[in-house]
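Asker: Structure below; questions to follow.
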Amino acid sequence: MPRLINLHPPRGSAAFLAVLPFLVLIAAYLFGSNTRLEANPDDKLLPSVATLVDTVHAYAFEEDRRSGEVLLWVDTWASLKRIVVALGISAAIGLGLGLTIGAIPYIRALAAPFVAAVSMIPPLAILPVLFIVLGLGEVAKIALIVIGVTPVIARDVALRAGELPTEQLIKAQTLGASSWLLSTRIILPQLWPRLIDAVRLQLGCAWLFLIAAEAIASTEGLGYRIFLVRRYLAMDVILPYVFWITLLAFLMDWMLRIARRRLFPWAESQR
Amino acid sequence: MASVTVKRLWKEYGRQVVLENLNLRIEDGEFVTIVGASGCGKTTFLRLLLGVEKPTRGELLIDDKPIPPEPGPDRGIVFQRYSLFPHLTVTENLLLGLEFTGSRFLGRLFGAKRRTALEKANALLDSIGLYAARDKYPSQLSGGMQQRLSIAQSVICEPEILLLDEPFGALDPGIRADMHEIILRLWSQNRMTVFMISHDLKESFQLGTRLLVFDKRRQDPQDPDAYGATVTYNLPLKAKATDRLAA
């Protein structure tokens, strides 16, 4: 009998195993929903599939009676805009900080301890400060994500820069590289894949901060909608929205993974 | 090509003496092989020549001028590992030195300059048998191919001094013979002064025009760090590379 660690499922079985937990979750939901609705047809906790389909249809394909907008798309657009802009800003600052901290000892001495300290500030604790200083508009929400995510990305990128073998940096100098060329042609290109990894790992945090900011002060957005309908125990809205957010986050992660593989093929074979 | 002069050179780390009272005169175009037990300062000596370490006392002169305090294109280096840039293909790795020196801001060459550089790179790739692998990344190459590329990468910058830190240490004995042929050829064609650390005595005798043995003259069993290593044997070997290439 081979060891468990040496047993690999064939392709088909692997696909089935991957789907299995999802199937179990869906089955458990249907069972729970049926049982509860049988006992009390007005139960709101686990809405039936029919109710879910109706609600999704109303939110995704019909105009809202009050505002005349299709709510799901308005919310999705608002949230995606915020999170993509915020992640873009975070990635740019994180890369710049990480590169200079990793490459230039004077910048490291100056900025590394500060970034390390700032990364320990719980971003949600300063959310009120952001709302007070920046107002209730888009800027405060984007700022929350940027403040929460950037220091982690910067530290991760700087760590990667520090991991580059000294031999490489010395070799580049013997080939005539200045600090500038060393940074732009040797260090920076090797940081891109790690930047993508760092952003991927921060996606969850970014969504958390986004939903928190939207829950408190917003007029549209996926997080805003969830917290709005919570007042009416509208699980038929909340559950599809949560599913939708999860799907969006998953797609972003997947696209970043594909981009990494396409743009930096050399980084794949290195792992 | 360049001559190297070492005068009463000491290197200490705190109380630990690594090199003591080193005196040497290496002429233009010599191929110096360096052997010695581990931890007796061979690599430290190479790092001093490279400019990443400074002597504690004494002088280190290249062409009778003090050595620059940081690595530069006049002194090439090949390490045992990690000398290649994993994000660049074989050709890009080889072009790098020409691009660094030819384009101070972008570090990239375009147009006619790029074509000239590519011709030079391709000729060199051909001579080290890597032309077919020119579009591969370093991680797709065997150890021997990586080291050949790494040597070529340094040579293309036409350094006056080439430093080799156990370049063939991680290679199979069978591949080493090819590597010896290549390094001797590049050395005679490019008129460099070569310093090569090796663990292999036979290789050191075969390749070098001069063999240096690093060892400690004195030992204090109670305080092993008290005395440093120095050159205990300085043997002139056969002079001409071409003779040995034919042999």
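The values are calculated or read from the model by the stated rules, or taken from the named source; none is laboratory data. Because the structure is predicted, anything quoted here is derived from the model rather than measured. We place every Cβ from the backbone using ideal geometry, glycine too, and count neighbours over all the protein chains shown. Remember, those area values only see protein heavy atoms, side chains included, never the ligands or the DNA or RNA. Shrake-Rupley method; radii C 1.70, N 1.55, O 1.52, S 1.80 Å.
Asker: Along Cα→Cβ, 7 Å out, is where each label goes; now give me the distance between the ones at residue A:8 and residue B:218 in nm to one decimal.
Answerer: About 6.2 nm separates the two model spin labels.
Asker: Relative to the present Cα-Cα distance, how much length would full extension add between residue B:116 and residue B:70 at 0.36 nm per residue of separation? Before the final figure, lay out each step's value.
Answerer: Numbers: separation 46, 0.36 × 46 = 16.56 nm, distance 2.91 nm.
Length gained between residue B:116 and residue B:70: 13.6 nm.
Asker: What does chain B give for Rg and for Dmax, in Å, if only its C-alpha atoms count?
Answerer: So, for chain B, Rg and Dmax equal 18.6, 65 Å respectively.
Asker: Something else now. Which helices count as membrane-span-like in chain B under these terms: full DSSP H, at least 15 Å along the axis by C-alpha, Kyte-Doolittle mean of -1.0 or more?
Answerer: Flagged H segments are B:90-102, B:111-127, B:143-155, B:173-190.
Asker: Report the net charge of residues surrounding residue A:149, where surrounding means a beta-carbon distance below 14 angstrom and charges are Lys +1, Arg +1, Asp -1, Glu -1.
Answerer: +2
Asker: Can you list the DSSP H helices in chain A whose Cα atoms extend at least 24 Å along the helix axis and whose mean Kyte-Doolittle hydropathy is 0.0 or higher?
Answerer: Helices passing the filter in chain A: A:11-39, A:71-103, A:138-163, A:188-216, A:235-263.
Asker: Now for a different question. Please build a GNM for chain A, connecting alpha carbons under 10 Å apart, and tell me which residue among A:221, A:12, A:162 fluctuates the most.
Answerer: Greatest mean-square fluctuation among the candidates belongs to A:12.
Asker: GNM on chain B, C-alpha springs below 10 Å: top fluctuator among B:66, B:159, B:167?
Answerer: B:66
Asker: Residue A:259 to residue A:42: FRET efficiency via 1/(1 + (r/R0)^6), r the Cβ-Cβ distance, R0 30 Å, to the nearest 0.05?
Answerer: Once rounded, the FRET efficiency stands at 0.05.
Asker: Where the only charges are on Cβ atoms (+1 Lys, Arg; -1 Asp, Glu), what is the dipole of the protein assembly as shown about its Cα centre, to the nearest 20 debye?
Answerer: The dipole of the protein assembly as shown has a size of about 720 debye.
Asker: Sticking with this one: Just list whichever of B:11/B:238; B:54/B:113; B:11/B:216; A:171/B:11 have alpha carbons separated by over 25 Å in the model shown.
Answerer: In this structure, B:11/B:238; B:54/B:113 exceed 25 Å between Cα atoms.
Asker: A follow-up question, please. Translational diffusion coefficient of the range A:35-130 at 4 °C, 1.567 mPa s, Stokes-Einstein with Kirkwood Rh over Cα pairs, in µm²/s as a whole number.
Answerer: 71 µm²/s
Asker: If you don't mind, there's one more thing I want to ask. Once you list every other residue whose beta carbon is under 15 Å from the beta carbon of residue B:44, what net charge do they have if Lys and Arg are +1 and Asp and Glu are -1?
Answerer: Here the count lands on -1.
Asker: Hey, another quick one. What's the FRET efficiency of residue B:189 with residue A:179 using the Cβ-Cβ distance as r and R₀ = 25 Å, to the nearest 0.05? Don't skip to the end; give the middle numbers.
Answerer: Details: r = 32 Å, r/R0 = 1.28.
Efficiency, rounded to the nearest 0.05: 0.20.
Asker: Further, regarding this structure: Calculate the tail of P(r) for the range B:88-158: the fraction of all Cα-Cα distances greater than 13 Å, expressed in %. Walk me through the numbers before you get to the answer.
Answerer: Numbers: 1494 of 2485 pairs.
Of the Cα pairs, 60 percent sit more than 13 Å apart.
Asker: Continuing with the same structure: Cut-off 10 angstrom, C-alpha nodes, Gaussian network model of chain B. Which of B:49, B:96, B:109 fluctuates the most?
Answerer: It is B:109.
Asker: How far is the Cα center of the range A:58-86 from the Cα center of the range B:101-145, in Å?
Answerer: 52 Å
Asker: Could you tell me which of B:206, B:18, A:105 has its Cα farthest along the dipole of the protein assembly as shown towards the positive end, charges placed at Cβ (Lys, Arg +1; Asp, Glu -1), taken about the Cα centre?
Answerer: The one lying farthest along the dipole's positive direction is B:206.
Asker: While we're looking at this one, here's another question. Can you figure out the FRET efficiency of residue A:34 with residue A:250, using R₀ = 25 Å and their beta-carbon distance, to the nearest 0.05? Intermediate values should be presented prior to the final figure.
Answerer: Details: r = 28 Å, r/R0 = 1.12.
According to the calculation, E is roughly 0.35.
Asker: Once you have the alpha carbon radius of gyration of chain A, what is it after dividing by 2.2 N^0.38 Å, with N set to its residue count?
Answerer: Values: Rg = 23.6 Å, N = 271, 2.2 N^0.38 = 18.5 Å.
Computed over Cα atoms of chain A, the ratio equals 1.27.
Asker: Convex hull volume of the Cα atoms in the range B:79-214, per residue, in Å³?
Answerer: 115 Å³
Asker: Given the range B:1-138 reduced to its alpha-carbon atoms as identical point scatterers, what log10 I(q)/I(0) does the Debye formula return at q = 0.11, 0.20 Å⁻¹?
Answerer: -0.57, -1.17
Asker: A further question on this structure: Rounded if a/c is under 1.5, else prolate if a/b beats b/c, else oblate: with a ≥ b ≥ c from the C-alpha gyration tensor eigenvalues square-rooted, which is the range A:1-50? All intermediate terms of the calculation are to be shown ahead of the outcome.
Answerer: Working: a/c = 6.08, a/b = 3.64, b/c = 1.67.
Verdict is prolate for the range A:1-50.
Asker: Please report, for the Cα atoms of the protein assembly as shown, the Rg to one decimal and the Dmax as a whole number; what are they, in angstrom?
Answerer: In order Rg, Dmax, the Cα atoms of the protein assembly as shown give 31.8, 101 Å.
Asker: Given the Cα atoms of the range A:85-238, and with Rh set as the inverse mean 1/r over their pairs in the Kirkwood sense, what is Rg to Rh to two decimals?
Answerer: 1.12
Asker: Any idea of the total accessible area buried by the A-B contact, 1.4 Å probe, rounded to 100 Å²? Spell out each step's value before the answer.
Answerer: Details: alone 16700 and 12480 Å², together 26680 Å².
So the buried area, both faces added, is about 2500 Å².
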